[in-house]
Amino acid sequence: MERNINFDKWKWVQINKNDLGTMWEQETTPSGWETTIRRNITNCVKVHGGIDGEMSVNGSLIYRQNVDEEEDRQIFHFYLTSQTLVTIDLEFTAMKQISAEMLLRQLDKCDNAVDGFLFLLGELVNDLLVEIDQFEESLQSLMWGVKKRNEMRTLEHVFTQRHELMICKNLLIPIQELKMAIEEMDFPNVNNGEIFTRTCKRIDRAQVLLREYEQELDTMIHLEEVISSHRGNEIMKTLTVLTTVFTPIMALGALWGMNFKNMPELKWQYGYLIALLLIITSTLLLYRYLKTKGWTGDLLKGKKRGSFFK
């Protein structure tokens, strides 16, 4: 349904997408805009002179996105002039950080529709900042989890967090573009106003946080790659050293395990003792040679408590 909100200085028209063409005067928007928004499911921003040369910004904005389901998203469409704001499918009552009553009171204080729209964008960014704060708590837990429980499950958690961060960044980028579009149009009494400045700083704050958390996650991913590579090398080195050290045992065991009729060693009185001494001596000599060459590395050294390379 359509809802007209007439503030003291400007007008806000709220429309449901299903009611397009019946509840809304189409001449208030550019030609063809109704057809465009019916099929648009992605972010887009357009700036132009509008009807009779009036400056306007219109487009679509995804403002909610489920991190688990690609199709589970909320998108609204807008048409903005200095005195009129038309929004389609914007659930402003779903904003978590401000009540609907307080939102309308604050919008009524705005001098024009552009300031009102900027205020709405600021509240959307505020909701996003709360999600980023929750992300920070999870990131702190993950940061210590990499050290305490360095396993595949931790790496999976790292990439899950990286995906969530990408979604938050994807929600913020079109808002940043909208801010730049409004700057480009240079609406009167807007670009230097208090609401514009506050919204810009809020967007910049969100961008800085996302960028820093992105770097932290990339560092964790790089750390996991280094640890995994080191572990793989240690495992291969351990297997190689063990195989080499026990080669004399396997070779001599295979030799004396044969069942040929003429084997002089079978008649030796001290053959068993000689065989044991030969096996032990050859094994120790081979291990000493490997250790002298430095090929055993940290194979027999204990790991420090809390080490990354357990």
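The values are calculated or read from the model by the stated rules, or taken from the named source; none is laboratory data. Computed from a predicted model, the values in this text were never measured in an experiment. Neighbour counts run over all protein chains shown; Cβ positions are idealised from the backbone, glycine included.
Exactly one residue out of 91, 71, 123 is of a type outside the set (Lys, Arg), in the same structural domain as residue 42 (by TED's automatic domain parsing) and over 29 Å from residue 55 (Cα atoms): that is 71.
From the list 130, 158, 114, which residue is under 25 Å from residue 206 (Cα atoms), at pLDDT 85 or above and surrounded by 16 or more Cβ atoms within 10 Å (Cβ to Cβ)?
114
Considered as a group, the residues in segment 177-200 that are polar (S, T, N, Q) and within 16 Å of residue 123 (Cβ to Cβ) include one that is surrounded by the most Cβ atoms within 10 Å (Cβ to Cβ), and that residue is 199. Out of 186, 204, one residue alone is modelled with pLDDT under 90 and under 23 Å from residue 44 (Cα atoms). It is 186.
For segment 201-213, the criterion of being assigned by TED's automatic domain parsing to the domain that holds residue 55, of a type in the set (A, V, I, L, M, F, W, C) and surrounded by fewer than 13 Cβ atoms within 10 Å (Cβ to Cβ) is met by at least one residue. If we scan segment 238-252, do we find a residue that is over 30 Å from residue 123 (Cβ atoms) and among the small types (Gly, Ala, Ser)? Within segment 238-252 (the criterion being over 30 Å from residue 123 (Cβ atoms) and among the small types (Gly, Ala, Ser)), the answer is yes, since at least one residue qualifies.
Take the conditions surrounded by fewer than 16 Cβ atoms within 10 Å (Cβ to Cβ) and either closer than 17 Å to residue 96 by Cβ or at pLDDT below 80 (or both) and apply them to residue 166. Does it pass? For residue 166, the condition - surrounded by fewer than 16 Cβ atoms within 10 Å (Cβ to Cβ) and either closer than 17 Å to residue 96 by Cβ or at pLDDT below 80 (or both) - is not met.
Residues that are modelled with pLDDT of 65 or more, surrounded by 14 or more Cβ atoms within 10 Å (Cβ to Cβ) and touching a Pro at 6+ places or on another chain (Cβ under 9 Å) within segment 37-54 comprise 43, 44, 45, 46, listed in sequence order.
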